[in-house]
Structures are given as C-alpha cells and as structure tokens.
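The values are calculated or read from the model by the stated rules, or taken from the named source; none is laboratory data. No experiment lies behind these values; they were computed from the predicted model shown. Here Cβ is always computed from backbone atoms with ideal geometry, including for glycine, and neighbour counts include all displayed protein chains. For accessibility, only protein heavy atoms count, side chains too; no ligands or nucleic acids. Shrake-Rupley method; radii C 1.70, N 1.55, O 1.52, S 1.80 Å.
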Amino acid sequence: MSDSDMTCEEQIKNWLAHDPIRMEALAIASEKKLPEWCIAAGFVRNLAWDNLHGFSSATDLNDVDLIYFDPRDCSESRDREIEDDLKSISTLPWSVKNQVRMHGRNSDDPYISIEDAMSFWVEVETAVGARLDERGETVIVAPFGIERLFDFTITLNSKRPKRTAFEARIKSKRWLEMWPRLVVNV
C-alpha cells in the first residue's frame, strides 16, 4: 500500500511504527499499565507536521506528554512518582498528568474520560495521542479526529476559545517558524 492509499490514521500509525524513539516511548509507557493512557500533544502532532513538511528527521521532543485517567488516585504526587520512575529507565523528557484533576486547573466541569479532557485543549491539532493496546497494536486517541493534522492548520478549539493563550502558544513554541506551511485557523 502506498502512502497515498493510506487513511490518515493508517499514515499516522505507519509514521509512528517507523520512529524508533516514539515506539520506545509507547512501549515503556505501556508497561506502566495506566488506565486510559496515551502519549499526546506534540508526540503525534509534531510527527505529522514533520512528515508533511518532508523533513528528513524528526524535530526534537521537548517533552513526552503521558496522560492518563485514573479517578482512584488523582494526586500530583502520583504523577511525580510515575514520572520519576519513567525517568529512571529512560532519558526521554517525560511529563505525566492524570487528566482527572485537570478540569480544576482549567475551570471546567469534571472530565469523564481521557478523550473528554483532550477535547478541551487549546488547539484541535494538539488533541491527538497514541497508545499500545494489549496486543501491542497502536491505537490513536483523537476526540476531533486526525484529519486536521493533514490540513496544515493550527486551529483554535471552540470549546476552549482562549485566543490570547492560543496565540501565545503559537509564538512561544515557534510552530510557524518550524513548520512554515502551517496556517492559523481561528
């Protein structure tokens, strides 16, 4: 099957499968057996934008955002414990957050799932993650779908219409400099 015959989801899975660092991160995270987990944000978004821009190598991962949804223990100390454990076995820049408590930080109603939490992120294209299932197969988690990653856009999430924060993130993360074909979609 050629790249042009693949669905967007198949393409993302193919790119992940051919990225040893990302596959290592998924395998390590999978071993933690966290409920409703995925590695999200730049982990998938940047991979897509790198490939769509024809980059020969991936841009550096500033962090590896491992998110999960566990109402049994939503303490920050639990996140730090998981993060410290990950850092003891891997040099990747792990960042771990239980999405159960993130509604408080964002002044939202309590989230009911990982997808629900992600659906409130500032940019639509950032709300994409990946995890490995019990068989080791890649599963994509994307409350808005993944097609927008292929549109070369950065889209303000209408559920989180914080334009100032949106614009500040675009500028501070230098997305338009790093991926010059991107267009801001407000």
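Annotation for the range 101-178 versus the range 35-73: alpha-carbon center distance of 10 Å. Rounded to the nearest 5, the antiparallel percentage of DSSP beta bridges internal to the range 31-131 is 50%.
Of the heavy-atom accessible surface of the chain (probe 1.4 angstrom), what whole percent is carbon and sulfur? It would help to have the intermediate numbers written out before the result.
Numbers: 4640 of 9590 Å².
Carbon and sulfur atoms account for 48 percent of the accessible area of the chain.
Taking the three principal axes of the alpha carbon atoms in the range 109-152, the coordinate ranges are 32, 31, 10 Å, sorted in descending order. Counting lysine pairs in the chain that sit 8 or more residues apart in sequence, or on different chains, and whose Cα atoms lie under 22 Å apart gives 14.
Stokes-Einstein diffusion for the range 42-106, with the hydrodynamic radius set to the Kirkwood value over Cα pairs and evaluated at 4 °C in a medium of 1.567 mPa s, equals 96 µm²/s. When DSSP beta bridges are restricted to pairs lying wholly in the range 56-186, around 40% turn out antiparallel. Solvent-accessible surface of the chain, taken per residue with a 1.4 Å probe and all protein chains present: 52 Å². Between Ala27 and Arg105, the modelled label-to-label distance comes to 3.0 nm, taking each label 7 Å out from Cα in the direction of the beta carbon.
Computed from the C-beta positions of Glu137 and Met178 and an R0 of 30 Å, the FRET efficiency is 0.50 to the nearest 0.05.
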